[in-house]
Amino acid sequence: ASLFLFRHLTACVFSLAALYESSSGLATWADNEGSLASDERSCTTFYMAAFYFAAYELTSIGHGDIVPANTFEQGLNSIIMIVSQMYMAKVFADLNFLITTHNYWR
């Protein structure tokens, strides 16, 4: 459940960055998805694109069809990749602790 919350928060950060940059006239990752570039804007399409972008960044699959479009997004993306790897290390450390504790008291 915490992985989905972290993914949601990351998607919100990516969304806010795209909205801020779009209002400044900069190209964003969302322009390529059509969620900010077209006249018909859909919050669902925009959020799902951000969630998808966050999902493959957090699972360290790498860049696919959605990529950072400018240096601010690249920097933000780099920070989130580092934080996500630390988060995943914490998740695996917690799992290791639970298994070790369970085996010790058995």
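What follows draws every value from the coordinates through simple rules; no lab data is involved. Values in this document were obtained by computation on a predicted structure and should not be read as measured data. Cβ coordinates were reconstructed from backbone atoms using ideal geometry, including for glycine residues, and neighbour counts include every protein chain displayed.
Here are a few things to note about the model shown:
- Förster-model FRET efficiency, 25 Å R0, V83 and L26, C-beta, rounded to 0.05: 0.60
- Label corresponding to Rg and Dmax of the Cα atoms in Å when calculated from the structure given, among (i) 16.9, 62; (ii) 24.1, 79; (iii) 13.6, 46: (i)
- Helix 2-23 axis, angle to the chain major axis (alpha carbon atoms, nearest 10°): 20
- Computed extension gain for L19 through N70, at 0.36 nm per residue and net of the alpha carbon distance, reaches 17.0 nm.
- Placing dummy labels 7 Å off each Cα toward the beta-carbon, the span from T44 to N96 is 4.3 nm.
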